[in-house]
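Undergrad: Okay, here's the structure, questions in a sec.
The values are calculated or read from the model by the stated rules, or taken from the named source; none is laboratory data. None of these values were measured; they are calculated from a predicted model. Counting neighbours? That spans all protein chains shown, and the Cβs are built from the backbone with ideal geometry, glycine included.
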């Protein structure tokens, strides 16, 4: 068997080739998987940080809502639960009770508003007449303090004997003489769907 001996030039070339193969093997077997693992971990950290930020924001909102609920309880306000969809009969009973002290009233129903996710808004235009501003104000108070949640979106109060007209928001207070009073109000009842 003949033995071949490598000369110095061939040994150098083979050493370079071996080092090159070790470098390529290190790149594909060690470096590249570590880089991919690092990128995957950074993505997970970023995703987790986003979730933590959202949870912190949600917690802050919940704390704010709880503070508001506690303040309402301390001020004596009662908690109102939003009824399920198609609560129109119960809303009419509430309206009838609130409008019992009026001389006459007319109801006009708007189309249902489904634009808010999970909530149906039932708008009703109410026109009623009373003997005085005080009675008109009591009717508005009864509307907002009823069993079912509602908001008064707009109010127009007219004093028919003096010819004056007063427009106000649900939080504003105006005085009108105690003669015949006509009121136009838009009420929105809320229901879950």
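Undergrad: Which ones in region 81-110 are at pLDDT below 80 and assigned to a strand (DSSP E or B)?
TA: 84
Undergrad: Follow-up question, since we're still on this one. Is it the case that region 143-153 has a residue that's exposed (fewer than 13 other Cβ atoms within 10 Å of the Cβ) and at pLDDT 85 or above?
TA: So far as region 143-153 goes, no, none of its residues is exposed (fewer than 13 other Cβ atoms within 10 Å of the Cβ) and at pLDDT 85 or above.
Undergrad: If residue 70 passes every condition in (1) assigned to a strand (DSSP E or B); (2) over 18 Å from residue 187 (Cα atoms) but one, which one does it miss?
TA: (1)
Undergrad: Take residue 55 and tell me if it is under 30 Å from residue 193 (Cα atoms), under 25 Å from the mean Cα position of the chain (by Cα) and either touching a residue at least 40 places away in the same chain (Cβ under 8 Å) or not in a helix (DSSP H, G or I) (or both).
TA: On the way: under 30 Å from residue 193 (Cα atoms): yes; under 25 Å from the mean Cα position of the chain (by Cα): yes; either touching a residue at least 40 places away in the same chain (Cβ under 8 Å) or not in a helix (DSSP H, G or I) (or both): no.
No: the conditions fail for residue 55.
Residues checked against (1) closer than 20 Å to residue 189 by Cβ; (2) exposed (fewer than 14 other Cβ atoms within 10 Å of the Cβ); (3) touching a helix residue (DSSP H, G or I) at 6+ places or on another chain (Cβ under 8 Å); (4) in contact (Cβ under 8 Å) with a residue 40 or more places away in the chain:
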site: 63; (1), (2), (3), (4): no, yes, no, no
site: 87; (1), (2), (3), (4): yes, no, no, yes
site: 100; (1), (2), (3), (4): yes, yes, no, no
site: 109; (1), (2), (3), (4): yes, yes, no, no
site: 123; (1), (2), (3), (4): yes, no, no, yes
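Undergrad: Okay, moving on. Here is a check on your reading of the model: is residue 59 modelled with pLDDT of 80 or more and under 21 Å from residue 185 (Cα atoms)? Working first, answer last.
TA: Numbers: modelled with pLDDT of 80 or more: yes; under 21 Å from residue 185 (Cα atoms): no.
Considered against the rule, which asks whether it is modelled with pLDDT of 80 or more and under 21 Å from residue 185 (Cα atoms), residue 59 comes out as no.
Undergrad: Return the pairs, sorted by first residue and then second, in which the second residue is not in a helix (DSSP H, G or I), the first residue lies in region 4-32 and is at pLDDT below 95, the beta carbons are less than 8 Å apart, and the residues are 6+ apart or on different chains.
TA: So the pair list comes out as 14/6.
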